[in-house]
Structures are given as C-alpha cells and as structure tokens.
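In what follows, a single structure is set out as structure tokens and then discussed.
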Amino acid sequence: MFRPIVRFALVLAVAAPALSAQQAKAPMDAHQHGAVKLDAEMADHFKGIPLTEEQVKQVMAIKTRHHDAMDALKKGAKDQDDPALKAALKQHMDAEHAEFKAMLTPEQYRKFEENMAAHHAAEAKGEAKHRMDHDMGGMKHDAKEKAEKAKPAAGTKKP
C-alpha cells in the first residue's frame with residue numbers, strides 16, 4: 001500500500017512544475033483573447049490589411065472618438081437632413097480618415113482607400129436599389145388603386 005502512495009507522490013512531483021508553468025501561461029493566453037478587436041464596420045473598412053495590435057487599438061480609439069461626436073451631433077439636430085449637420089458629419093469622417101492615414105503605412109492606406117471606394121459603391125448601389133424599390137412600390141400602389149377604381153361596386157352590373 002505504501003508503494004502506490006509513493007508512486008503517486010512522484011508523479012505529482014514530476015507533474016507539478018509542468019502544471020505550474022501551464023497555469024502561469026493561462027493568463028497571458030486569456031489576455032491575448034481579450035485583446036482589442038475591430039468591430040464589424042471597421043473589419044470591413046480594414047479588410048485585407050494586416051494590422052498590428054497597436055494599430056487595432058488606435059483604429060478603435062479613433063472610431064470611438066469621432067463616432068461618439070457624430071452621434072451627439074445627430075441627437076442634438078432637429079432636422080437630420082440639415083446641410084449644416086451633414087457638413088459637420090462629413091468633417092468628422094474626413095478627420096477620422098486623416099487620422100487613419102497618419103497611422104497606416106502607405107500600402108495599408110492604399111488598401112483602405114480601395115475598401116472605402118468599394119464600401120461607398122455598394123452603399124450607393126443599395127441606396128439606388130432602395131429608391132427604385134420605393135418608386136416601383138409607388139407605381140404598383142398607383143396601379144392597384146386604378147384597378148380597384150375600375151372595378152364595379154359589389155352587386156352592380158357591368159354596363
């Protein structure tokens with residue numbers, strides 16, 4: 001009976017340093033998993049651009065600062081279509097992009113510009129489709145109203 005206990009103690013003595021090293025490494029891994037990441041919008045803007053962890057932190061800080069300011073402007077505006085509001089929002093977007101440019105390498109910024117051009121093209125296409133769907137919906141609505149007006153009332157005979 002003494003032998004199994006001694007054997008168990010030896011196994012623990014040998015395994016303890018390895019277990020201790022693994023536990024010491026765990027917080028570092030957990031810290032890496034908790035690292036700042038790009039949100040979905042920024043991931044789209046920076047698609048295909050390898051960023052350092054420091055650059056990711058900078059991107060998110062820049063975005064947060066400017067988007068919080070833009071949200072405050074929108075919230076305080078009485079008219080969301082006000083040209084002054086739109087100009088202020090554009091000014092923030094331009095400043096945000098200038099800060100991105102300052103922290104990126106020329107190659108990274110070139111890819112960022114490509115991503116933004118594609119993003120705005122898709123946005124414009126979606127907006128155009130929305131307008132077309134809206135217009136078509138209006139046309140369908142008008143055609144439906146005309147058809148209903150042309151129907152004879154219930155219980156009446158056609159002339």
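For this structure, a couple of remarks:
- Linear extension gain, His120 paired with Ala98, 0.36 nm per residue minus alpha-carbon span: 6.2 nm
- Region 35-131 - percent relative contact order, Cα under 8 Å, separation 6 or more: 38 percent
Every number here is computed from the coordinates shown, using simple stated rules; none is lab data. If you're wondering where the values come from, they're calculated on a predicted model, not measured in any experiment.
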